[in-house]
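*Asks:* Provided herewith is a single structure, encoded as structure tokens, for subsequent inquiry.
The values are calculated or read from the model by the stated rules, or taken from the named source; none is laboratory data. Keep in mind it's a predicted model, so treat the numbers as computed, not measured. In this analysis, Cβ positions are derived from the backbone assuming ideal geometry, glycine residues included, and neighbour counts consider all displayed protein chains. For the accessible areas, the whole protein counts, side chains as well, though only heavy atoms, and no ligand, DNA or RNA atoms are used. Shrake-Rupley method; radii C 1.70, N 1.55, O 1.52, S 1.80 Å.
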Amino acid sequence: MHPLIFQSDFGLCDGAVCAMYGVACTVDPDIKIFDLTHEIPQYDIWEASYRLIQTINYWPAESVFVSIVDPTVGSKRKSIVAKTNNDNYIVTPDNGTLTHVKRLLGIKEVRIIDETVNRMPNSGESYTFHGRDVYAYTGARLASSVISFEEVGPLYEVDKIVELPILEPVLTDNEVSGDIDVLDVRYGSLWTNISRNIFSKLNIAYGDKVEVTISTNTRTVYRNVMVYEKSFASVNVGEPLLYINSLDCVAIAINQGNFAKAYNIGTGINWHISFQKY
């Protein structure tokens, strides 16, 4: 028996998530089910991809993740299971959800779900809830060892899976720039794609001041100077700071405030951020 972890954009206001739990428990009543999140913004494949890489490294080998953010459900997009380099599994539509995992962790092997075998019995002609009928069912069968990974379905080339566009950080003599990957949602901190290793090449030490510029493709949204510190408590309440987040990347925040709301900041490759030593 291996852990089964669900992620979706379904929310908890209706019975969708509970139905997936029920399908999994029907496969094996002793299965251990956990939630990564069900609060992914509707149809936001980018955030689903990021939340997977945020968590998957902390789960034991052979954990099974079921990630369902599927705006084209019922179309010809493939349903797949990926085996990662740390020997975990991700059951998901092939729509870009695996982008960050493939890039930052690596994927060993991918199989297309054979729905003639791995589809909940008596699920009829419904093509709008594959999360319940295909993904939860297949994930539960894999987690409870009813099927092996090889029994998921035929092999699919790793290089053919769909990936979302990603911009790499750029380092010059006195500046590093990248994009705002995602928010630390509850607190409004901005998490960038700039790793600590790249940022360290600017020779900025704790306590140094940094000029931060945030822009979209059309305009500059924010430019200010803030301090680089280890944690929020190093600055006064209401003050901004630069820090290294839990994924070892550069982030910015307001101590006990919400940076994203304060300046109406979004995420993705259209939101650019740069750092210079002040």
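One line per residue, one yes/no per condition, for (1) buried (at least 16 other Cβ atoms within 10 Å of the Cβ); (2) of a type in the set (Asp, Glu):
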{"position": "Ser8", "(1), (2)": "yes, no"}
{"position": "Gly22", "(1), (2)": "no, no"}
{"position": "Asp35", "(1), (2)": "no, yes"}
{"position": "Ile40", "(1), (2)": "yes, no"}
{"position": "Trp46", "(1), (2)": "yes, no"}
{"position": "Tyr50", "(1), (2)": "yes, no"}
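*Asks:* Only residues that are part of a strand (DSSP E or B), hydroxyl-bearing (Ser, Thr, Tyr) and out of contact with any Gly (no Cβ under 9 Å at 6 or more places or on another chain): list them for region 75-97, please.
*Replies:* Thr92
*Asks:* Taking Ile161, is it surrounded by fewer than 17 Cβ atoms within 10 Å (Cβ to Cβ), in contact (Cβ under 8 Å) with a residue 24 or more places away in the chain and among the aliphatic types (A, V, I, L, M)?
*Replies:* no
*Asks:* Consider Ile68 carefully, then state whether it is over 20 Å from Gly96 (Cα atoms) and touching a Ser or Thr at 6+ places or on another chain (Cβ under 6 Å).
*Replies:* no
*Asks:* Within region 201-222, identify whether any single residue is open to solvent by 70 Å² or more (accessible area, probe 1.4 Å), outside any strand (DSSP E or B) and under 14 Å from Phe275 (Cα atoms), and answer yes or no.
*Replies:* Taking every residue of region 201-222 in turn, at least one turns out to be open to solvent by 70 Å² or more (accessible area, probe 1.4 Å), outside any strand (DSSP E or B) and under 14 Å from Phe275 (Cα atoms).
*Asks:* Quick one: which of Ile80, Ile90, Ile112 is in contact with a strand residue (DSSP E or B) (Cβ under 8 Å, 6 or more places away or on another chain) and open to solvent by 30 Å² or more (accessible area, probe 1.4 Å)?
*Replies:* Answer to the selection: Ile112.
*Asks:* Scanning region 185-200 for residues that are in contact with a strand residue (DSSP E or B) (Cβ under 6 Å, 6 or more places away or on another chain) and closer than 18 Å to Thr267 by Cα, which turns out most open to solvent (accessible area, probe 1.4 Å)?
*Replies:* Ser195
*Asks:* So which pairs qualify, if the first residue must be in region 170-181 and surrounded by fewer than 22 Cβ atoms within 10 Å (Cβ to Cβ), the second must be in a strand (DSSP E or B) and basic (Lys, Arg), the Cβ gap must be under 9 Å, and the two must be at least 6 apart or on different chains?
*Replies:* Going by the 9 Å Cβ cut-off, the qualifying pairs are Asn174/Lys277; Glu175/Lys277.
*Asks:* Right, here's the next one. Within region 121-170, which residues are over 17 Å from Leu4 (Cα atoms), out of contact with any Leu (no Cβ under 6 Å at 6 or more places or on another chain) and aliphatic (A, V, I, L, M)?
*Replies:* Once the filter is applied, which keeps residues that are over 17 Å from Leu4 (Cα atoms), out of contact with any Leu (no Cβ under 6 Å at 6 or more places or on another chain) and aliphatic (A, V, I, L, M), region 121-170 yields Leu155, Val158, Val162, Leu164, Ile166, Leu167, Val170.
*Asks:* On the basis of being in contact with a Leu (Cβ under 9 Å, 6 or more places away or on another chain), under 27 Å from Thr26 (Cα atoms), at pLDDT 95 or above and open to solvent by less than 40 Å² (accessible area, probe 1.4 Å), does Ile107 make the cut?
*Replies:* No, not satisfied.
*Asks:* Please work out if Asn95 is closer than 18 Å to Leu4 by Cα and either touching a helix residue (DSSP H, G or I) at 6+ places or on another chain (Cβ under 8 Å) or buried (at least 20 other Cβ atoms within 10 Å of the Cβ) (or both).
*Replies:* Considered against the rule, which asks whether it is closer than 18 Å to Leu4 by Cα and either touching a helix residue (DSSP H, G or I) at 6+ places or on another chain (Cβ under 8 Å) or buried (at least 20 other Cβ atoms within 10 Å of the Cβ) (or both), Asn95 comes out as no.
*Asks:* Right, something else. Can you pull out every residue in region 1-45 that is among the hydroxyl-bearing types (Ser, Thr, Tyr) and over 21 Å from the mean Cα position of the chain (by Cα)?
*Replies:* Residues satisfying the conditions are Tyr21, Thr26.
*Asks:* Tell me which residues, restricted to region 223-278, are within 26 Å of Ser49 (Cβ to Cβ), open to solvent by less than 50 Å² (accessible area, probe 1.4 Å) and of a type in the set (S, T, N, Q).
*Replies:* Passing the criteria: Asn245, Asn258, Ser274.
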